[in-house]
1. Is there any pair with a first residue in region 189-200 that is farther than 15 Å from L149 by Cα and a second that is among the β-branched types (V, I, T) whose Cβ atoms are under 9 Å apart and which are 6 or more apart or on different chains, and what are they?
2. Among the listed residues E102, E6, identify the single one that is closer than 30 Å to D156 by Cβ and among the acidic types (D, E).
3. Would you confirm whether any residue within region 44-60 is out of contact with any Lys or Arg (no Cβ under 9 Å at 6 or more places or on another chain), part of a strand (DSSP E or B) and within 23 Å of R168 (Cα to Cα)?
4. Between a first residue in region 37-48 that is within 18 Å of H65 (Cα to Cα) and a second residue that is of a type in the set (V, I, T) and assigned to a loop (DSSP other than H, G, I, E, B), which pairs have beta carbons less than 6 Å apart while being 6 or more apart in sequence or on different chains?
5. Among (1) out of contact with any Ser or Thr (no Cβ under 9 Å at 6 or more places or on another chain); (2) closer than 24 Å to A131 by Cα; (3) in contact (Cβ under 8 Å) with a residue 40 or more places away in the chain; (4) not in a helix (DSSP H, G or I), there is one condition D100 misses while meeting the rest; what is its number?
Amino acid sequence: MKKIREDIYTWSVFNEEKQLDFNGLYLKTAHKPVVIDPPPPSAADLEEMEFLGKPHHIYLTNKHHTRASALLRERWGSRVFIHEDDAPLMEIPVDGTFSDGELLEGEFEVIRIPDAKTPGECAFYWKKNAALIVGDAMIGKPEGALSMLPDEKFKDPARARQGLSVLRGLDFEKLFVGDGFSIFSNAKQALTEFLQKVQGL
């Protein structure tokens, strides 16, 4: 895993088909550690997580980011959570759901992104660490900038682009993406420029 700061670690698996890194996050909250959108971890990643503290919850930004959740649940008993609108679409059982505006672990605000790839697509806003975490709403490509998945991934691409407006008013410095390159500084500016480009505002 790569240490971003004392309470944020990330690990990645390169996907040949997409030619992108699939990223997972290990986060140390004031309560207990959690992971988000976990791709398959290496043996070294697993050992480091166990050393730092086994995650008690796994949070998913959307149904397509289930990834290695079942493996981690079997290994550690971590409970898997997803937005209530994506829960009926899941291919593995989930242990619980969350809803729009909910504060996970008392720290992460759930922000559902309308008209996205799945009905429950959401971002997690970690205000105290000036961080925003997204799944498939945006990807980090090219490095240092943002883009979206191809239009065919969305029922209505124009509405999907407009749906990102729910992120506009947030104040953050780091943006962690499920796919591609995360942005560790000036991420708010990168998002603003991206929204101006895709929304024509």
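1. From residues that are farther than 15 Å from L149 by Cα, the pairs are A190/I183; L191/I183.
2. It is E102.
3. Within region 44-60, one or more residues are out of contact with any Lys or Arg (no Cβ under 9 Å at 6 or more places or on another chain), part of a strand (DSSP E or B) and within 23 Å of R168 (Cα to Cα).
4. As it stands, the answer is D37/T61, since those pairs meet every condition given.
5. Here D100 clears every test but (3).
The numbers here are math on the coordinates, done by the rules we state, and not lab data. None of the values given here were measured: they were computed from a predicted structure. Heads up, the Cβs are rebuilt from the backbone with ideal geometry, glycines too, and the neighbour counts pull from every protein chain shown.
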